[in-house]
Amino acid sequence: MRITTVFDIRELLRHLRQGESNRAIRDALGLSRNTVAKYRAWAEEQSLLTGPLPPLAEIDARLKAAQAPALKQTTSKVEPHRVIVEDLRRRGLECQAIYQRLCDDRRYDGSYSAVWRFVAKLEGQTPEVTVRVEVGPGEEGQVDFGYAGRMYDPQQQKVRKAWAFVMTLSHSRHQYVDFVFDQTVSTWTSLHRQAFEFFGGLPKKLKIDNLKAAIVKACFEDPQVQRAYRECAEHYGFLISPCRVATPQHKGKVENGVHYLKRNFLAGRDYTAPQHNVRHASQDALTWVRQTAGLRKHGTTKQQPVLVFNTVEQAALLSLPATPFDIVLWKEAKLHRDCYIVFEGAYYSAPYRFVGQTLWVRGTSKSVEIQANFERIAIHSRVPAGQRQTALSHLPPQKVDGLTLMSPLGLY
């Protein structure tokens, strides 16, 4: 039902006069609770809830008199910026980012709600709506990793595909953002370390999202990546909570991480020039996190993420360990007939009785450990690609004398 005639008002008054609640009237007449509340206030002001009802003509006149100011047409404060808003929407910006750009660049002094309504009317639909389940301070973070477009790599001196890493603390919505050029497990765990250092602590649980990213798929499916990531989690003490496809109830706090970053930060910016490259993108993103994304009134919490982080969530985070995580690589490698496995281009010996078997290799910045059936069978100091590390006890006894005469380097 819509309030379009005086007869509608009279029917509504009948329900109000019988003492029904706003919820009951909403269900009975199909009105919103806000509409019922508005007309209840008007009826009380007009003394229409008790005593005999006035004639329909009088009710109609009173209603029109009350509505007269509200019926006055006003022009949206966003209208002078129509061309800018249309352009920003075509470039993928969301309402919050458009509002921020108007405030920063056009001295817009209207409300965010006016921008939201203007865009809704402009596009004939309601802008993005999501439902989120709230968690306590320090309880959870969400990680998203995905394609961010092309950026200039100053090391290789060319434009390359870049990937965005976003970690969002679920309670405060405070974020860490960075851009990289690969999806290796060492980069993935290094980004976690940088995010934890940025926050000065870490949440108890991390949800990983966006199965389109190869590294996230690998966290679910690749035993080599699983081992490295789990070791990272054990070092810092956080739990890994996968976020699978077709489980939207698991998502949300990151505001779809990379999607939010693209439409609110990257849209309209260019990092493909040597003087404006990926390093600038990462620096600008953290400035955006602190000064724009972090200071906005969040659509769900109605609070500023940075303020909530500083006053509530930071103190609830797990403390950082005494030493940062030493990046770990796990790989499977076959022990060849010469009693060496190959790891990152270097050669490491293992006991000859395992020749022909596929072994697990764990490499850090300082050491290389070789395992068989979850037991260590060899450990070496890490050496650069092309070099060898050999324990004489790993070789068949009849081969040792000849080897020591020919190549003493790397033997012990």
Six or more apart or on different chains, Cβ under 8 Å: which pairs go from a residue in region 92-121 that's modelled with pLDDT under 80 to one that's part of a helix (DSSP H, G or I) and exposed (fewer than 15 other Cβ atoms within 10 Å of the Cβ)? Could you list them? none
Evaluation of Gly19 against (1) modelled with pLDDT under 85; (2) on the phi > 0 side of the Ramachandran plot (one fails), failing number: (1)
Which residues, taken from region 356-398, are surrounded by 16 or more Cβ atoms within 10 Å (Cβ to Cβ) and among the β-branched types (Val, Ile, Thr)? Val361, Val368, Ile370, Ile377, Val383, Thr390
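In region 367-376, what residues are modelled with pLDDT under 95 and not small (Gly, Ala, Ser)? Please lay out each step first, then the result.
Kept after step one, since they are modelled with pLDDT under 95, are these residues of region 367-376: 371-376.
Selection gives Gln371, Asn373, Phe374, Glu375, Arg376.
So, in region 29-47, exactly how many residues are part of a helix (DSSP H, G or I) and more than 42 Å from the chain's Cα centre (by Cα)? Even if it seems obvious, please write down each step before you answer.
Initially, region 29-47 is screened for residues part of a helix (DSSP H, G or I), giving 29, 33-45.
Adding the requirement that they be more than 42 Å from the chain's Cα centre (by Cα) leaves 39-45.
Of the residues in that region, 7 qualify.
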Can you say whether Arg244 is part of a loop (DSSP other than H, G, I, E, B), at pLDDT 85 or above and surrounded by fewer than 17 Cβ atoms within 10 Å (Cβ to Cβ), as far as the supplied structure shows? no
Checked region 58-78 for anything under 47 Å from the mean Cα position of the chain (by Cα), surrounded by fewer than 12 Cβ atoms within 10 Å (Cβ to Cβ) and at pLDDT 75 or above; matches are Thr75
Just to be sure before I move on: is Pro321 buried (at least 16 other Cβ atoms within 10 Å of the Cβ) and either on the phi > 0 side of the Ramachandran plot or not assigned by TED's automatic domain parsing to the domain that holds Ile370 (or both) in the structure I sent? no
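Out of all the residues in region 278-327, which are in contact with a Gly (Cβ under 7 Å, 6 or more places away or on another chain) and assigned to a loop (DSSP other than H, G, I, E, B)? Break it down into steps so the answer makes sense when it comes.
We begin by selecting, within region 278-327, every residue in contact with a Gly (Cβ under 7 Å, 6 or more places away or on another chain); these are 304-306, 313-314, 316-320.
Once the filter is applied, which keeps residues that are in contact with a Gly (Cβ under 7 Å, 6 or more places away or on another chain) and assigned to a loop (DSSP other than H, G, I, E, B), region 278-327 yields Gln304, Leu317, Ser319, Leu320.
Which of the strands (runs of 3 or more DSSP E) found entirely inside region 147-239 contain at least 3 residues meeting this: free of Cβ contacts under 8 Å to residues at least 60 places away in the same chain, in the same structural domain as Ala285 (by TED's automatic domain parsing) and surrounded by fewer than 17 Cβ atoms within 10 Å (Cβ to Cβ)?
158-169
The values are calculated or read from the model by the stated rules, or taken from the named source; none is laboratory data. The structure presented is a predicted model; accordingly, all values stated were derived computationally and were not measured. Backbone-built Cβ (ideal geometry, glycine too); neighbour counts: all protein chains shown.
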